[in-house]
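Undergrad: I'd like to ask you about the structure that follows.
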Amino acid sequence: MKLPKEFSLAEIAAVAGGTLEGPADTKVDSVALDPFNAKSGELALLFDPKLVKRIRDCKASAVIVPKGVSTDLPKVVVERPLLSLARILSAVKPKRFRPEPGIHPTALIDPTCRLGDNVAVGPYVVVGPQTVIGNNTVIMASCVIGGAVSIGQDCLLYPSCLIDDYVQIGNRVILQQGASLGSDGFGYVTERPSNVERRMAGVTEASDEPNPLIKIPQIGTVIVEDDVEIGSYTTVDRATMGATTIGKGAKIDNQVMIAHNTRIGREVIIIAQTAVAGSCVVGDRTVIAGCTGVKDHVKIGKDAIIEGMSGVLKDIPDGALVSGVPAVPAREFFTQLAHINKLPQMFKEVRELKRKLAELESLLPECQLVKQGDNAGN
Amino acid sequence: MKLPKEFSLAEIAAVAGGTLEGPADTKVDSVALDPFNAKSGELALLFDPKLVKRIRDCKASAVIVPKGVSTDLPKVVVERPLLSLARILSAVKPKRFRPEPGIHPTALIDPTCRLGDNVAVGPYVVVGPQTVIGNNTVIMASCVIGGAVSIGQDCLLYPSCLIDDYVQIGNRVILQQGASLGSDGFGYVTERPSNVERRMAGVTEASDEPNPLIKIPQIGTVIVEDDVEIGSYTTVDRATMGATTIGKGAKIDNQVMIAHNTRIGREVIIIAQTAVAGSCVVGDRTVIAGCTGVKDHVKIGKDAIIEGMSGVLKDIPDGALVSGVPAVPAREFFTQLAHINKLPQMFKEVRELKRKLAELESLLPECQLVKQGDNAGN
Amino acid sequence: MKLPKEFSLAEIAAVAGGTLEGPADTKVDSVALDPFNAKSGELALLFDPKLVKRIRDCKASAVIVPKGVSTDLPKVVVERPLLSLARILSAVKPKRFRPEPGIHPTALIDPTCRLGDNVAVGPYVVVGPQTVIGNNTVIMASCVIGGAVSIGQDCLLYPSCLIDDYVQIGNRVILQQGASLGSDGFGYVTERPSNVERRMAGVTEASDEPNPLIKIPQIGTVIVEDDVEIGSYTTVDRATMGATTIGKGAKIDNQVMIAHNTRIGREVIIIAQTAVAGSCVVGDRTVIAGCTGVKDHVKIGKDAIIEGMSGVLKDIPDGALVSGVPAVPAREFFTQLAHINKLPQMFKEVRELKRKLAELESLLPECQLVKQGDNAGN
């Protein structure tokens, strides 16, 4: 990856927040994507212990390494490699094409809206009545924002984000392409008990009589607090009453579904294709890995880790590490797996036990005869 | 939640379709989101038996409760709490910002389209040739509708819905933000048998020769019957031939995938992030809970319940309640789980059985000696 | 399904690439969706061996069948039914409504873009600076394309596709409605070790001190090679550095998530609602069935088959057929299932073994007495 200019290793050390070890005037003009195909003039990042072991194979002009790595290459030693990476990438990131401050002539902003200073609104954006947008916020092409929405300062909305009426968004929020906030929560009821309800109450015969699903109006909203990032095509539904809430600093990946009335805590991380059903509570800093499902009304504590592809059906305490469907403590999950893997062996052992026991039993009558004979002989 | 005006309890009873028990002129001006933090002037809803038990802790001015709840608070007693909730929310729902009847000057409607009375089309909507839109239908900003589409009366399309050519939509259909109807079904074939096909036929060595995937044209369509609701970023693919069909009154949540040629029955409920593969049939009133996958060509009967995160690989009869991957009757699924949970204990018991049996066997030769000795002594 | 005109069976045989058996002038004017409800004048396709068995019930005027089917109906015999289907559907497909070559007056194309010959750009499309679009490419309504993007020749972008800056798209690529390429990869780091990191390092007490998540800039891009098709609302994230890559001829269904830095091989097939996490490699021609999750940094070989709803946590070799969560060879998975299904029976057997063994043990002391008595009697 070509850098925007040539950097000295001293400059790299300053940006990365690391310690220079080697000639300060070593020059690099690109970052090697693969440290083991690095060429002269390239800087290689060797953060992973598995890669560090192979550092002799690295032909880069300089390396960035964690503490304790021995190499003769000019190097910058860093404490927290990922943090240094974030700093370096921030320093070298290429220009992105975003609308300049001002309202594109094709953007349709209702005259009752209030916009802060330096707001940038791209082409074909539509904003409904009474909406408020804070200073320096950038709204890219084709976003559709309803009425009475509030969006804070320094936000960045990528193209085609869809924000329905009354949604409240804090400061420094990033919405990736097509994030959808405020569509209706999913709730219906029938006039008379439905077949499903009757079945749950023990009535097994189903009725074919019309008993249509009636929509329960979803009159609540969505609140997204400061510093949240929401991924592409993630949907956050409005609450039936009150608000579905995404806590300060939470980061939500693409294609995540957050259902009505759910409250996501602060600094929570939710990875792609996870669905959190209605009326759940997820505690601060909890991480929910990808493709997970959380049942409605479940409470997940803070600082918990839900491993990927889990199905959370019950409350999870603070700090728990869970896995599986239904999710159980990860240790238990791996014990289950280990036992399941040993089932063929165990079935064999049980068959063997049966065989041996049958053999023993076939001998037993003789034993008993002996006993009886012995008694008889007394 | 603030109500739009102050209501008397008599008015609430009328709206909720319940029986007033207490002073008719009790006034409420808001609904308590948490019944146990309700204040004077608030109305609390206590529907859940778990909440009802704690009714003494409720300090609301009035409550709505199901039959048989004993409390001194002014109350409205209702038969079907959720139905009453739907009625109350309908009565108090705040104004939503939707386009007025008429065509926004920026909407591009092909001159060959036929639009009914009172149709409202928002800004930047695009509608292709020969499309027909029924009376009172509202199409919000930035929807893109293809050619020869038909949309019935009284429909509501939220922003950025994408409807491709020939799709047919009934009356009173609601499409949430970004619903996608009529994208191509997923079907390919190779000129010669692919490695996967050859493998399935027992040929294990793979070929690297070019044998590209050829698209099977998807020339069918999508039919959405009356009273259907489809969620945000749900996709319904067009059929290869014929039509993918969503039956009357079905309700589909966000991020659901309905593949080509599948037929969803009437009043079916499908919850978020479920995928129903191609050529499936789902019977009337069946409920498919979230994050479920249904294999192609599967037939699910009517009035069935598919629990969340299931994987349906085989046909499911009418009225069945299934769970798991692969989905089995829920009772069987929970039996499986219970047995899996007991595996560590059971492995221990088998080890113990082996130990005891070995002990017995080590004694047995002596027993046999006895027997022989005894025989010898005869 | 009505055909655009009447065809003779000879014409059908020519289009399908099959052998005519029966009168060449047999006429058909439509294709039967259900071969067993076919009427006179209809052509029925009987590809599936299950359907072929019932061919006597087919009243169509002509049939298309694979080799070896015996029937008196006029027929076209084909080698590869699906391939013939693709050819027939190509021949009879109805007109689709797409923008004509030229730039719609409402499309906003930055003056620094370079467009090839015969490019068709629909209404309300937005294209950023320095973007290049190849000959004959069609970009439908409301697509939003960033700056410095390159799109090849003969591509088809359905409405509302979202392509962010720097993304590179090859020739003959099809993007279904709302495909999203180039949103940011999901990467964050904290200033100090987070509670999750500390927990992983054995520190169990969590800290409530502020330690916010810092975004790792995602400065790489997405490369989509020639002949790729990407489904509706699928998201392909840009790389942290370098490129997330979709290989030549790969076909990706709706609502799939491809995370940053992942490399999808050539002619790979990925079915709906699958998520492939970051930095994975998927080998050529591998098929990943629907609703599957692949953990980050996993390498899947070529010509492998990952069955639906699997969770791939470890590397998968070339040609493997895997299933389950975690994914194991399919044979192993079905063995696991079979054993799990037999657990109730097996638990019963173990209880029976315990009972019998206890019985034996209760007899044993007598046996031993016998033995002792016998000894004593010597």
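We did not get these values from a lab; they are worked out from the coordinates using the rules stated. Remember, predicted model here, so these are calculated numbers, not experimental data. Cβ sites come from the backbone with ideal geometry, for glycine too, and all protein chains shown count toward neighbours.
Undergrad: Just to be sure I understand the model, the point goes 7 Å from the Cα along the line to the Cβ. What's the resulting A:K39 to A:H297 distance in nm?
TA: 6.4 nm
Undergrad: Taking only complete DSSP H runs, can you tell me which helices of chain C stretch 15 Å or more along their own long axis by Cα positions and average at least 1.0 on the Kyte-Doolittle scale?
TA: Correct list, ordered by number: C:81-92.
Undergrad: Between B:D117, B:D164, B:D226, which gets the highest mean-square fluctuation from a Gaussian network model of chain B, Cα cutoff 10 Å?
TA: Between B:D117, B:D164, B:D226, it is B:D117 that shows the largest mean-square fluctuation.
Undergrad: Of all the stretches in chain A, which is the longest one without any exposed loop site, taking trypsin sites (Lys or Arg not before Pro) in a DSSP loop (any state but H, G, I, E, B) with at most 12 other Cβ atoms within 10 Å?
TA: A:96-313
Undergrad: With springs connecting C-alpha atoms under 10 Å apart, model chain B as a Gaussian network and identify which of B:S279, B:S362, B:S84 has the largest mean-square fluctuation.
TA: So, out of B:S279, B:S362, B:S84, the one fluctuating most is B:S362.
Undergrad: I'd like the mean, over residues of C:352-358, of how many other protein chain beta carbons sit within 10 Å of each residue's own Cβ.
TA: Numbers: counts 2, 10, 6, 0, 7, 9, 1.
Partner Cβ neighbours, averaged per residue: 5.
Undergrad: Hey, what number do you get for the protein assembly as shown at 222 nm if only DSSP H runs of n ≥ 4 count, each worth -39500 (n - 2.57), divided across all residues, to the nearest 500?
TA: Theoretical 222 nm ellipticity from helices: -6500 deg cm²/dmol.
Undergrad: Quick one: Cα centre-to-centre distance for region A:253-324 and region A:16-87, in angstrom?
TA: 37 Å
Undergrad: Another question, if that's okay. Let me have the relative contact order for chain B, percent, based on Cα pairs under 8 Å that are six or more residues apart.
TA: Value for chain B: 6 percent.
Undergrad: Once amide H atoms are placed 1.01 Å from N in the peptide plane, what residues at a sequence separation of 5 or more from B:A32, or on another chain, have their amide H within under 5 Å of its amide H?
TA: For B:A32, whose amide H was placed from the backbone, the distant partners under 5 Å are B:L43, B:A44, B:L45.
Undergrad: If you take every DSSP beta bridge whose two residues both sit in the protein assembly as shown, what share of them, in percent to the nearest 5, is antiparallel?
TA: Of those bridges, close to 15 percent are antiparallel.
Undergrad: To continue, here is another question. Once phi is turned into ³J(HN,Hα) by the Karplus curve 6.51 cos²θ - 1.76 cosθ + 1.60 with θ = phi - 60°, what whole-Hz value does each residue of region C:43-51 show in order, with x for glycine and proline?
TA: 9, 10, 9, 10, 9, 7, x, 5, 6
Undergrad: Another question about this same structure. Within 10 Å of each Cβ in peptide B:314-324, how many partner chain Cβ atoms are there on average? Round it to a whole number, please.
TA: 1
Undergrad: Excluding A:G324 itself, what net charge comes from residues whose Cβ is under 9 Å from its Cβ, given Lys and Arg +1 and Asp and Glu -1?
TA: Numbers: positive: none; negative: A:E307, A:E332.
Net charge around A:G324: -2.
Undergrad: Which ³J(HN,Hα) values in Hz, rounded to whole numbers, follow from the phi angles of region A:207-213 under the Karplus curve 6.51 cos²θ - 1.76 cosθ + 1.60, where θ = phi - 60° and Gly and Pro get x?
TA: Calculated HN-Hα couplings, in order: 10, 9, 5, x, 7, x, 6 Hz.
Undergrad: Averaged over B:130-140, how many beta carbons belonging to a partner chain fall within 10 Å of each residue's beta carbon?
TA: 1
Undergrad: Here's something else I'd like to know. Which FRET efficiency value, to the nearest 0.05, is calculated for A:K27 and A:N118 with the Förster distance at 41 angstrom and r the Cβ-Cβ distance?
TA: Efficiency computed from Cβ-Cβ geometry: 0.65.
Undergrad: A further question follows. With a/c under 1.5 counting as rounded, go ahead and sort the protein assembly as shown into rounded, prolate or oblate using the C-alpha gyration tensor (a ≥ b ≥ c being the square roots of the eigenvalues; past the cut-off, prolate if a/b is larger than b/c, else oblate). All intermediate terms of the calculation are to be shown ahead of the outcome.
TA: Working: a/c = 1.34, a/b = 1.34, b/c = 1.00.
Rounded, because the longest to shortest axis ratio a/c is under 1.5.
Undergrad: On a 29 Å Cα-Cα criterion, which of the cross-link pairs C:K2/C:K50; B:K299/C:K53; C:K251/C:K299; B:K302/C:K295; A:K356/C:K314 come out too long?
TA: Where the Cα-Cα span goes over 29 Å, the pairs concerned are B:K302/C:K295; A:K356/C:K314.
Undergrad: If you place +1 on the Cβ of every Lys and Arg, -1 on the Cβ of every Asp and Glu, and leave all else neutral, what size is the dipole of chain A about its Cα centre, to the nearest 20 Debye? Write down the numbers at each step before the final one.
TA: Working: 41 positive and 43 negative charges, 185 e Å.
With only Lys, Arg, Asp and Glu charged at Cβ, the dipole is about 880 debye.
Undergrad: I would also like to ask the following. Where is the GNM fluctuation largest for chain B (alpha-carbon springs, 10 angstrom cutoff): B:G17, B:G134, B:G231?
TA: Per the Cα network of chain B with a 10 Å cutoff, B:G17 tops the list.
Undergrad: Then there is this: For B:G18, what is the net charge nearby, where nearby means another residue's Cβ is under 14 Å from its Cβ and Lys, Arg count +1, Asp, Glu -1?
TA: Details: positive: B:K67, B:K75, B:R80, B:R87; negative: B:E11, B:E21, B:E79.
Once positives and negatives cancel, what remains is +1.
Undergrad: For C:A243, list long-range residues whose amide hydrogen, built 1.01 Å from N in the peptide plane, is under 5 Å from its own amide hydrogen.
TA: C:T221
Undergrad: Once R0 is set to 41 Å, what does the formula 1/(1 + (r/R0)^6) return for the Cβ-Cβ distance between A:D315 and B:T204, expressed as a FRET efficiency to the nearest 0.05?
TA: 0.25
Undergrad: Considering only DSSP states other than H, G, I, E and B, which GluC sites (Glu not before Pro) in region C:144-239 qualify as loop sites with at most 13 other Cβ atoms within 10 Å? Don't skip to the answer; put the middle values down first.
TA: Working: sites: C:E191, C:E197, C:E205, C:E225, C:E229; in loops: C:E191, C:E205, C:E225.
Listed in order of number, the matching sites are C:E191, C:E205.
Undergrad: For region C:2-92, divide the Cα radius of gyration by the Kirkwood radius and give the resulting Rg/Rh value with two decimals. Don't jump to the answer; show the numbers that get you there.
TA: On the way: Rg = 11.4 Å, Rh = 12.5 Å.
For region C:2-92, the value is 0.91.
Undergrad: Right, another one. For region A:2-92, what is the relative contact order in percent, using Cα pairs closer than 8 Å and at least 6 residues apart in sequence?
TA: Numbers: 184 pairs, mean separation 26.9, N = 91.
Averaging sequence separation for qualifying contacts and normalising by length gives 30 percent for region A:2-92.
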